[in-house]
């Protein structure tokens, strides 16, 4: 009996230690982003764009995937602030700015996906704007999409802006599972030509976003012992 109790105690201590060592997204960004920027800038200065892309992939895959995403909160039009942890579903979080030109099929594709995945996940769109600057554009999104905004002038938005806007820019997609673990980060992809018709543009964005949503929904989780800086 004593042997069983000892084994149980050792397992409990180990499990508790593993929980305590799960890296928080913002902490991992703080520990790794400065070095990434330095190396990335050198690559861009030498016009070595492939190396710059590899550096970003390495940052995401080796230091950020599997971290616990911060419980950021955002302002909504005509509603109270929402915290990501309150959604309790996998989340596709996309950041934009109202002055950033979106593809003609981008919002329709998101609206379609929001309807198709209504029961399985939630799409959250955040504009780095004041309310007046994004209000008109926000009306184009489906009711199943949570449209929010954040701005440097709002004290409660400063942490969010520091770790999302001022690091990864926009548009950027964050795939977060129902346990608030980061599944992936996808930077803005190459947009189709402006001359592309609506149908082809919608197909382009639909498949781009859907590929990420598929991995998000079937995600089995990551190693909970990931350490900051690994």
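Every read-out reported here was derived from the displayed coordinates using simple, explicitly stated rules and does not represent laboratory data. Computed from a predicted structure; not experimentally measured. All Cβ positions, glycine included, derive from the backbone under ideal geometry; neighbour counts span all protein chains shown.
Determine, from the Cβ-Cβ distance of residue 135 and residue 162 and an R0 of 35 Å, the FRET efficiency 1/(1 + (r/R0)^6), rounded to the nearest 0.05. Working shown, then result.
Numbers: r = 25 Å, r/R0 = 0.70.
Result of the calculation: an efficiency of 0.90.
Sorted from fewest to most neighbouring beta carbons within 10 Å, what does the list 96, 206 look like? The partial results should precede the final answer.
Details: 96 22, 206 18.
Taking fewest neighbouring Cβ atoms as first place, the list is 206, 96.
Taking a ≥ b ≥ c as the square roots of the eigenvalues of the Cα gyration tensor of the stretch 96-189, is the shape rounded (a/c under 1.5), prolate (a/b larger than b/c) or oblate?
Working: a/c = 1.57, a/b = 1.15, b/c = 1.36.
Oblate, because a/c is 1.5 or more while a/b does not exceed b/c.
Looking at the stretch 121-220, send over the antiparallel percent of its DSSP beta bridges, to the nearest 5.
Details: 5 of 10 bridges.
The antiparallel fraction comes to roughly 50 percent.
Short version: what are the Cα gyration tensor semi-axes of the stretch 23-67, square root of 5 times each eigenvalue, largest first, in whole Å? Working shown, then result.
Details: eigenvalues 93, 23, 4 Å².
Equivalent ellipsoid semi-axes, largest first: 22, 11, 4 Å.
Which FRET efficiency value, to the nearest 0.05, is calculated for residue 79 and residue 199 with the Förster distance at 35 angstrom and r the Cβ-Cβ distance?
It comes to 0.55.
Between residue 89 and residue 207, with labels modelled 7 Å along Cα→Cβ, what's the label distance in nm to one decimal, could you check?
2.6
Quick check on the exposure proxy: order 205, 163 from fewest to most C-beta atoms within 10 angstrom. If you can, show how the numbers build up before the last one.
On the way: 205 23, 163 20.
Taking fewest neighbouring Cβ atoms as first place, the list is 163, 205.
If you stretched the chain out fully between residue 46 and residue 34, how much longer would it get, using 0.36 nm times the residue separation minus the C-alpha to C-alpha distance? Before the final figure, lay out each step's value.
Values: separation 12, 0.36 × 12 = 4.32 nm, distance 1.88 nm.
Going from the current span to full extension adds 2.4 nm.
Between the stretch 120-192 and the stretch 49-108, how far is it from one alpha carbon centroid to the other, in angstrom?
5
What ranking do 151, 207 get, fewest neighbouring Cβ atoms within 10 angstrom at the top? Show your work: numbers first, answer last.
Values: 151 17, 207 10.
Ascending Cβ contact count within 10 Å gives the list 207, 151.
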